[in-house]
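Chemist: I am attaching a structure below and will ask some questions about it afterwards.
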Amino acid sequence: LYSLYPTEFRKFFPQVATFLATLNLVVVFATPIYVSSHLTPSMQVLVLVASVYVITMVLVAFIRERRGAGIMLAGFVFLILAFLNDVLYNHDVIHTGYLIGYGLLIFFFFQSFLLSVRLSRAFQDVEILSENIIRAEKKYRALAETAKDVILTHDKDYRITYTNPAGVEISGYSK
């Protein structure tokens, strides 16, 4: 997310969250289940805090009209709602069933859609840049063709590959 929206996201928060999640995983793998199972609520709180941070920053990107932020926001909202549902269901607060699988599916769909939109825009940008290059080449070719000074190009072996009309006229050679 930092690479997509660098002005909205700070590097510090994801680094801290990654450190805490890694620490939690080490404790889970290094201790018996009756010890590590007490860390589940703390991990859920960490995920909830990270989720609020991500939603807030993507919302800021959406408000600032960053490319693709609306699609990203919709995907994260579905994912986080599914996560909250599962946490509440696990603690017998609600009786809906586990929905994280559906949340992930919808999240991946939105990410795939965002990727296809970005790819499509990249192709459009390439086409626009190609047209700009063609226009600039025509403009400079016309400038070279009408110049009174000699203009020539050569390859890496110093063979002349182009000479403008002034160069042909001065040298006496034909094109």
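Chemist: Identify the residue in segment 149-175 that is of a type in the set (Asp, Glu) and part of a loop (DSSP other than H, G, I, E, B) and, among all such residues, is most open to solvent (accessible area, probe 1.4 Å).
Modeler: Asp149
Chemist: For a quick check of your reading: which helices (runs of 4 or more DSSP H) sit entirely within segment 19-96 and have at least 2 residues that are surrounded by fewer than 15 Cβ atoms within 10 Å (Cβ to Cβ) and at pLDDT 85 or above?
Modeler: Fully inside segment 19-96 and qualifying: 40-63, 69-90.
Chemist: While we're on this one: Checking Ala136 against (1) open to solvent by less than 80 Å² (accessible area, probe 1.4 Å); (2) not in a helix (DSSP H, G or I), which single condition isn't satisfied?
Modeler: That leaves (2) as the condition not met.
The values are calculated or read from the model by the stated rules, or taken from the named source; none is laboratory data. No experiment lies behind these values; they were computed from the predicted model shown. Because the Cβ atoms are built from the backbone with ideal geometry, glycine has one as well, and the counts that use them run over all protein chains shown. Just so you know, the surface numbers come from the protein's heavy atoms only, side chains and all, with ligands and any DNA or RNA stripped out. Shrake-Rupley method; radii C 1.70, N 1.55, O 1.52, S 1.80 Å.
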